[in-house]
Amino acid sequence: MPDRYDVIVIGSGPGGYVGAIKAAQLGLKVAVVEKMRTYGGTCLNIGCIPSKALLHASERFEEVGHLGKLGIKLDAASLDLPTMLGHKDATVKSNVDGVAYLFKKNKIDGYTGTATILAPGKVAVAKADGSTETLEAKSIVIATGSDSTPLPGVTIDEERIVSSTGALSLPKVPGKLVVVGAGVIGLELGSVWRRLGAEVTVVEFLDRILPGMDNEVSRQFQRMLEKQGVAFKLGTKVTAVDTSGKTLKVTIEPAKEGEAAAQTLEADIVLIAIGRRPYTEGLGLEAVGVELDERRRVKVDGHYQTNVPGIYAIGDVIAGPMLAHKAEDEGVAIAEILAGQAGHVNYGAIPSVVYTSPEIATVGKTEEELKAAGIDYKVGKFPFSANGRARAMLATDGFVKILSDAKTDRVLGGHIVGAGAGEMIHEIVVLMEFAGSAEDLGRTTHAHPTMSESVKEAALAAWTKPIHL
Ligand code: FAD
Ligand code: NAD
């Protein structure tokens, strides 16, 4: 251990580990303190990676039942859940091991324990064996992420009433799963267990699913999920879960007081997925005087510095979308800033993907946001039902929607519902990063036959006219 580090990063999630690696690449001496046994944070251990392993596996499981349409005859698929969960665990392990390897490669010192900031430049690490070590550095980066928001009056035991963490490891497929919250986690993990055989009901407080997404996207997507068998109770809240019997009894009421009587839903498992909150517990922020905002996120300036000089924060613990790639890019930016360079994140071009089937991918403004801002915009839309490759793949559900400035033709937003949307979105992201226009995208040659031709066609529709519609 050196006498003094250039930077101590607290937390090894996508923000912390990427920031640490970039800082080391730029010549800084870096320590990372992580309280979990493995590196990678929420995303690699209990978030993005395990959920995508289960989403992939369950999608393949369900697909078997539809292969007959392609002339492939198979007996119905049978589920080997322990092996599927094993695939998920192995995927997590290879990813977290990868971070440990990268730390070694970049000569980053990792400390396992809970970090408390004692003063600017001073961090105590409380270890599992009861000992404490004090580290010193010029700068401290808080990258402690978030954890799931609890539902008042409902206790999560991670067995029958679970957060996303428990929902990633259910030992058997629930007969009935009630999901509280029609956000990203609820719809992704609800999809996993529905595909494996659960009857899924999603209870959502608002009168729509996926708040924040383009309205048309969430409306159409809700219909697709309903066709797949997911039931929705919108404008509804869960007020209690009775755990006394063999089956859980979930009391639901209209979100607006006094509209109708309470009802009861039966469930084997209840998944609480009503959002995530910044994680600042035990960090000692009050003692050093680091300010939080009204939602208890760490307040930072445009250079990720808190009100206390030398203490910075990035990722889920600060304002902005709680996304791994947003945290990663802030990690790179803070490393550059600490190395004396100009670190920057373009918050106007951060994609967001829901890894359901079909996928949803969006970037930039929604129609509702453009309307609210009084911006005159054009809409170009193209359905996958008119795309040759989509027909060949039986993947005609969904559409691409491009929003462009009516005066300048600059692309302001892109929204895709469809198979592979999470990969296709990136050409719109790059276009927006370079302030490109619908004409630029519409004139760009796209390989034929590809799903991506629908992106080009939607751009043509926004700029002038699509060819294939
Ligand atoms: P985190 O990944 O939360 O890491 C913070 C780390 O800090 C943790 O390891 C924690 O143990 C550690 N820590 C906290 N306090 C201390 C302390 N005092 N001392 C030492 N260590 C500490 N995002 C996507 O972009 N795509 C997805 O597909 C996606 N899927 C998700 C699925 C699920 C089920 C969940 C729950 C989240 C998902 N997310 C996804 C969100 C994503 O996980 C977060 O946005 C991302 O992990 C944030 O990164 P971070 O580095 O800010 O924090
Ligand atoms: P979310 O904010 O996406 O959705 C929470 C939903 O719960 C909202 O629709 C909200 O209206 C609803 N809700 C809130 N209180 C409620 C109540 N009392 N009763 C019923 N409904 C209620 O949150 P999440 O799904 O928990 O995900 C948390 C974060 O993790 C998100 O910010 C997301 O960005 C991130 N995440 C991202 C991905 C991805 O990028 N694919 C996947 C999973 C999670």
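The values are calculated or read from the model by the stated rules, or taken from the named source; none is laboratory data. Being a predicted model, the structure only gives us computed values, none of them experimental. Cβ placement follows ideal geometry from the backbone for every residue including glycine, while neighbour counts extend to all protein chains displayed.
Listed by position, the helices (runs of 4 or more DSSP H) contained in segment 395-469 that have at least 2 residues being out of contact with any Phe, Trp or Tyr (no Cβ under 8 Å at 6 or more places or on another chain), more than 30 Å from His56 (Cβ to Cβ) and not basic (Lys, Arg) are 453-463.
Whether a residue is hydrophobic (A, V, I, L, M, F, W, C) and either within 13 Å of ligand 1 (Cβ to nearest atom) or in contact with a His (Cβ under 7 Å, 6 or more places away or on another chain) (or both) was assessed, and Val33 passes this test. Count, please, the residues in segment 275-289 that happen to be away from ligand 1 (no atom under 12 Å from the Cβ) and in contact with a strand residue (DSSP E or B) (Cβ under 6 Å, 6 or more places away or on another chain). Counting residues in segment 275-289 that are away from ligand 1 (no atom under 12 Å from the Cβ) and in contact with a strand residue (DSSP E or B) (Cβ under 6 Å, 6 or more places away or on another chain) gives 1.
Please enumerate the residues belonging to segment 202-217 that are crowded, with 21+ Cβ neighbours inside 10 Å and either touching a residue at least 60 places away in the same chain (Cβ under 8 Å) or part of a helix (DSSP H, G or I) (or both). Correct list: Val203, Leu210, Met213, Asp214, Val217. Could you say whether any residue in segment 257-270 is in contact with a Gly (Cβ under 9 Å, 6 or more places away or on another chain) and either modelled with pLDDT under 95 or within 11 Å of ligand 2 (Cβ to nearest atom) (or both)? Yes, segment 257-270 contains a residue that is in contact with a Gly (Cβ under 9 Å, 6 or more places away or on another chain) and either modelled with pLDDT under 95 or within 11 Å of ligand 2 (Cβ to nearest atom) (or both). May I ask you to list the residues in segment 322-350 that are in contact with a His (Cβ under 8 Å, 6 or more places away or on another chain) and outside any helix (DSSP H, G or I)? Across segment 322-350, the qualifying residues are Gly343, Ile350. When Ala100, Ala182 are checked against the criterion of being in a helix (DSSP H, G or I) and within 24 Å of the chain's Cα centre (by Cα), Ala100 stands alone in meeting it.
Of the residues making up segment 71-84, those that are closer than 23 Å to Cys48 by Cβ and in contact with a helix residue (DSSP H, G or I) (Cβ under 8 Å, 6 or more places away or on another chain) number 1.
Answer yes or no: is there a residue in segment 148-166 that is part of a loop (DSSP other than H, G, I, E, B), over 30 Å from Met393 (Cβ atoms), in contact with a strand residue (DSSP E or B) (Cβ under 7 Å, 6 or more places away or on another chain) and charged (D, E, K, R). Yes, segment 148-166 contains a residue that is part of a loop (DSSP other than H, G, I, E, B), over 30 Å from Met393 (Cβ atoms), in contact with a strand residue (DSSP E or B) (Cβ under 7 Å, 6 or more places away or on another chain) and charged (D, E, K, R). Of all residues in segment 63-81, at least one satisfies being more than 30 Å from Arg391 (Cα to Cα) and away from ligand 1 (no atom under 16 Å from the Cβ).
Please enumerate the residues belonging to segment 346-391 that are basic (Lys, Arg) and in contact with a helix residue (DSSP H, G or I) (Cβ under 9 Å, 6 or more places away or on another chain). Result: Lys365, Lys378, Lys381, Arg389, Arg391. For Thr144, the criteria (1) assigned to a loop (DSSP other than H, G, I, E, B); (2) surrounded by fewer than 21 Cβ atoms within 10 Å (Cβ to Cβ); (3) among the hydroxyl-bearing types (Ser, Thr, Tyr) hold in every case but one, which is (2). Contact map, segment 420-443: first residue over 14 Å from Ala458 (Cβ atoms), second residue of a type in the set (Phe, Trp, Tyr), Cβ cut-off under 7 Å, separation 6 or more or different chains; pairs are Gly422/Tyr355. Of the set (1) closer than 21 Å to Ser218 by Cβ; (2) of a type in the set (Gly, Ala, Ser); (3) in contact (Cβ under 8 Å) with a residue 40 or more places away in the chain, all apply to Ala373 but (3). Of all the residues in segment 3-21, those that are near ligand 1 (Cβ under 6 Å from one of its atoms) and aliphatic (A, V, I, L, M) number 1. Taking the listed residues Leu44, Leu79, Leu74, the one that is closer than 27 Å to Ile337 by Cβ and not assigned by TED's automatic domain parsing to the domain that holds Thr251 is Leu44, with no other qualifying.
Taken together, the criteria place Glu59 among residues that are surrounded by fewer than 24 Cβ atoms within 10 Å (Cβ to Cβ), farther than 30 Å from His344 by Cβ and touching a residue at least 24 places away in the same chain (Cβ under 8 Å).
If you go through segment 159-200 and keep only what is touching a Phe, Trp or Tyr at 6+ places or on another chain (Cβ under 9 Å) and more than 12 Å from ligand 2 (Cβ to nearest atom), you end up with Leu170, Val173, Pro174, Leu177, Arg195, Leu196, Val200.
Taken over segment 48-79, the residue count meeting the criterion of being closer than 16 Å to Trp193 by Cα and not in a helix (DSSP H, G or I) is 3. The listed residues are Val238, Val179, Val184, and the only one of them that is outside the structural domain of Pro383 (by TED's automatic domain parsing), surrounded by 22 or more Cβ atoms within 10 Å (Cβ to Cβ) and over 29 Å from Met84 (Cα atoms) turns out to be Val238. Out of the residues in segment 171-198 that are in contact with a helix residue (DSSP H, G or I) (Cβ under 7 Å, 6 or more places away or on another chain) and farther than 26 Å from Ser352 by Cβ, state the one that is farthest from ligand 1 (Cβ to nearest atom). Top of the filtered list is Lys172. Restricted to segment 247-301, the set of strands (runs of 3 or more DSSP E) holding at least 1 residues that are without any contact (Cβ under 8 Å) to a residue 40 or more places away in the chain comprises 248-254, 263-267.
I'd like the full set of residues that are charged (D, E, K, R) and either more than 18 Å from Val217 (Cα to Cα) or in contact with a strand residue (DSSP E or B) (Cβ under 6 Å, 6 or more places away or on another chain) (or both), limited to segment 403-434. Asp405, Lys407, Asp409, Arg410, Glu427, Glu433, listed by residue number.
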